[in-house]
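These notes concern the structure reproduced below.
The values are calculated or read from the model by the stated rules, or taken from the named source; none is laboratory data. Just so we're clear, the structure is a prediction, and the values are computed from it rather than from any experiment. FYI the Cβ positions are ideal-geometry reconstructions off the backbone, even for glycines, and counts take in every protein chain you see. Keep in mind that these areas ignore ligands, DNA and RNA; they rest on the heavy atoms of the full protein, side chains included. Shrake-Rupley method; radii C 1.70, N 1.55, O 1.52, S 1.80 Å.
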Amino acid sequence: MIDYLREIISGTWSLFVGLGITIRYFFQPVVTVQYPHQTLPMTPRFRGHIELVKDEETGETKCIVCGMCQKACPSNCITVNGEKREGVKGKVLTEYTLDFTKCSLCGLCVESCPTAAITFSKDYNLAGVRKEAYIFDLKKRLEAKN
Amino acid sequence: MSAFAESEAKETFVLNLGPQHPATHGVLRVKLTMDGEYIAEAEPVLGYIHRMHEKMGENRTWAQFMPNTGRMDYLHALAYNHGYVSVVERAAGIEVPERAEYLRVITAELNRVSSHLLWFGAFILDLGGFSPLLYAFDDREHILDLLESVTGSRLTYCYFRFGGVYNDIDDNFVPGTRAFIKRLRERMPMYHNLVTKNIILMKRLQEVGPISAEMCRKYGATGPVCRGSGINFDVRKHEPYSIYPEFDFDVPVYEQCDSMARYMVRMDEIEQSLRIIEQALDKLPEGPVMAEKVPKILKPAKGDYYHAVETARGSFGVRVVSDGTNTPYRLKLRSPTFSNLSLFGEACQGMLLPDALALMGSLDLVIPEIDR
Ligand code: SF4
Ligand code: SF4
């Protein structure tokens with residue numbers, strides 16, 4: 001009988017302790033941000049989808065069309081094509097397509113590139129209604145930036 | 001109304017729980033044969049998120065399987081990373097630099113804490129309490145930020161590489177982690193006052209959902225499930241791997257066998273993980289984070305290799321068979337929750353439905369890891 005009453009009292013008390021914590025936290029600063037009106041800074045290492053890097057000297061891509069990234073990718077999302085041009089050493093990039101619908105953001109492509117021609121972008125606002133919106137032409141994106 | 005069915009089931013009906021039910025966390029389906037409010041029979045139905053990870057592994061190079069490991073147990077991805085890289089390193093005879101092993105342990109333990117915090121929130125949510133989830137997510141967010149700044153991703157990490165880790169930590173990581181440990185230690189009493197000592201939680205968990213040690217052995221349950229049944233087994237202690245033997249930590253074991261015991265095991269494990277991280281930060285050596293001379297095209301020697309790691313949910317084992325080529329011949333993944341779920345059918349017989357859901361929550365199921 002005494003145990004029963006004790007349990008009722010301590011049990012009720014435990015509820016008040018919990019309520020007290022809730023009330024205390026109610027008056028503490030808010031920890032969330034009002035996205036999309038407010039955003040948090042991205043960490044430098046954030047791995048978004050990949051992007052071609054601009055060579056500061058020539059203003060062109062650093063890609064030498066070796067195809068290592070294409071081979072390293074586990075999901076076959078990269079298509080690289082290039083052609084021989086007269087007067088230019090090596091190959092010239094004609095196509096660099098990323099099928100982002102299949103990309104797992106693993107970073108194996110970036111690691112495998114011998115010339116550091118690709119990097120991660122910081123894009124994360126990626127919502128769309130059509131699949132085609134996620135087939136990125138990275139060469140065009142780079143040219144658009146120039 | 002008693003907590004257990006008193007007589008044989010006479011008139012039964014079938015109740016379908018899931019595959020889209022908030023309490024089954026994902027796409028688990030349980031076919032329940034009910035006798036009124038009591039469960040007469042429960043049969044988990046799997047396969048709704050089966051992605052053939054094992055076969056995928058056999059169709060790509062050793063390195064290309066790395067991102068898959070983060071997508072099985074997405075809550076403790078780094079332990080899966082760890083299991084896979086360790087087995088391949090064993091097969092290929094790659095030595096890992098000491099600093100890389102420390103970073104692996106630190107990040108994997110942080111990930112374990114975040115996994116337990118998420119489980120804590122989701123479990124209380126199953127029981128009908130909403131706000132603890134928000135407190136847990138507040139803390140978990142700090143871990144995700146720390147891990148994001150090192151690994152580049154927030155959930156499905158792919159940070160470990162054969163021979164080391166992807167990149168070194170930044171300057172903020174060590175002070176940030178220390179500050180987090182301090183913060184979480186200060187918050188733990190709050191969690192216990194808010195949740196553990198709450199009479200409603202105690203009434204719903206104590207002496208509910210008994211899982212005997214014998215049942216754990218029968219079904220091969222590991223992790224907090226077996227430690228809540230009095231079995232002292234933790235891969236980190238009993239088949240030590242990586243640099244775990246260098247750290248001083250305890251394995252929390254509770255004898256009560258009920259849902260509360262499993263709850264307490266995980267809550268205590270958070271503190272133990274913090275201890276490991278703290279010691280590892282103190283001892284963190286300088287040096288490279290990647291072994292030199294890891295061949296670009298890996299071709300491990302012919303043979304059969306196995307390695308187990310302790311994830312937040314139990315023992316995860318990887319077996320690889322190499323035929324000396326650049327793809328695995330066979331890849332077998334032993335996931336802990338598959339075994340932990342298997343005992344659910346037997347454990348919940350005769351239980352009230354809400355109690356069975358509390359039991360299911362205390363198993364900490366992650367469905368993509370069961371189905372693989
Ligand atoms: S990040 Fe991974 S999946 Fe995505 S394109 Fe690169 S290699 Fe392929
Ligand atoms: S690995 Fe680098 S250089 Fe080679 S094709 Fe890919 S982006 Fe170009």
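Remarks
Here is a yes/no grid of residues against (1) farther than 24 Å from A:Val30 by Cβ; (2) without any contact (Cβ under 8 Å) to a residue 60 or more places away in the chain; (3) over 19 Å from the mean Cα position of the chain (by Cα):
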site: B:Leu110; (1), (2), (3): yes, no, no
site: B:His116; (1), (2), (3): yes, no, no
site: B:Trp119; (1), (2), (3): yes, no, no
site: B:Ala136; (1), (2), (3): no, yes, no
site: B:Arg140; (1), (2), (3): no, yes, no
site: B:Tyr159; (1), (2), (3): yes, no, no
site: B:Asp171; (1), (2), (3): yes, yes, yes
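- Filtered by the rule that a residue be open to solvent by 100 Å² or more (accessible area, probe 1.4 Å), within 11 Å of chain B (Cβ to nearest Cβ) and under 24 Å from B:Glu148 (Cα atoms), region A:10-42 gives A:Val30, A:Val31, A:Leu40, A:Pro41.
- Selection within region B:183-205 - closer than 18 Å to B:Gln256 by Cβ and within 12 Å of chain A (Cβ to nearest Cβ): B:His192, B:Val195, B:Thr196, B:Lys197, B:Asn198, B:Ile199, B:Leu201, B:Met202, B:Lys203
- Hits in region B:57-70 (condition: within 14 Å of B:Leu155 (Cβ to Cβ) and out of contact with any helix residue (DSSP H, G or I) (no Cβ under 7 Å at 6 or more places or on another chain)): B:Pro67
- 2 or more residues more than 14 Å from ligand 1 (Cβ to nearest atom): qualifying helices (runs of 4 or more DSSP H) within region A:43-146: A:138-145
- Leading residue by the ranking (nearest to B:Lys10 (Cα to Cα)) among those in region B:39-62 that are over 22 Å from the mean Cα position of the chain (by Cα) and open to solvent by less than 40 Å² (accessible area, probe 1.4 Å): B:Ala40
- Some residue of region A:49-56 being within 18 Å of the chain's Cα centre (by Cα), touching a residue at least 40 places away in the same chain (Cβ under 8 Å) and more than 10 Å from ligand 2 (Cβ to nearest atom): yes
- Flag for B:Leu144 being within 12 Å of another protein chain (Cβ to nearest Cβ) and either in a helix (DSSP H, G or I) or open to solvent by 10 Å² or more (accessible area, probe 1.4 Å) (or both): yes
- When region A:112-126 is filtered for residues that are in contact with a Phe, Trp or Tyr (Cβ under 9 Å, 6 or more places away or on another chain) and modelled with pLDDT of 85 or more, the ones remaining, listed by number, are A:Ile118, A:Phe120.
- Going through (1) under 14 Å from B:Ala280 (Cβ atoms); (2) open to solvent by less than 20 Å² (accessible area, probe 1.4 Å) one by one, B:Glu98 falls short only on (2).
- Residues of region A:81-118 satisfying the condition of being closer than 18 Å to A:Glu132 by Cα and either more than 13 Å from chain B (Cβ to nearest Cβ) or within 11 Å of ligand 2 (Cβ to nearest atom) (or both): A:Glu95, A:Tyr96, A:Thr97, A:Leu98, A:Asp99, A:Phe100, A:Thr101
Yes or no, residue by residue, for (1) within 12 Å of chain A (Cβ to nearest Cβ); (2) more than 29 Å from B:Tyr306 (Cα to Cα):
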position	(1), (2)
B:Met34	no, yes
B:Glu37	no, yes
B:Arg71	yes, no
B:Val85	no, no
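- Where a residue in region A:61-72 is within 13 Å of chain B (Cβ to nearest Cβ) and its partner, wherever it lies, is within 14 Å of ligand 1 (Cβ to nearest atom) and of a type in the set (S, T, N, Q), with Cβ under 6 Å and at least six apart: A:Met68/A:Ser112; A:Cys69/A:Ser112; A:Ala72/A:Ser112
- Entry remark, region B:123-141: residues being among the hydrophobic types (A, V, I, L, M, F, W, C), assigned to a helix (DSSP H, G or I) and open to solvent by 20 Å² or more (accessible area, probe 1.4 Å) number 4 in total.
- Out of B:Gly228, B:Gly209, B:Gly223, sole residue that is touching a Cys at 6+ places or on another chain (Cβ under 9 Å) and within 19 Å of B:Leu117 (Cα to Cα): B:Gly228
Yes/no per residue for (1) among the β-branched types (Val, Ile, Thr); (2) surrounded by fewer than 18 Cβ atoms within 10 Å (Cβ to Cβ); (3) touching a Lys or Arg at 6+ places or on another chain (Cβ under 9 Å):
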site: B:Phe249; (1), (2), (3): no, no, yes
site: B:Val265; (1), (2), (3): yes, no, yes
site: B:Leu284; (1), (2), (3): no, yes, yes
site: B:Val294; (1), (2), (3): yes, yes, yes
site: B:Tyr306; (1), (2), (3): no, yes, yes
site: B:Arg319; (1), (2), (3): no, yes, yes
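- In region A:97-107, the condition of being in contact (Cβ under 8 Å) with a residue 60 or more places away in the chain and either of a type in the set (Phe, Trp, Tyr) or open to solvent by less than 30 Å² (accessible area, probe 1.4 Å) (or both) is met by at least one residue.
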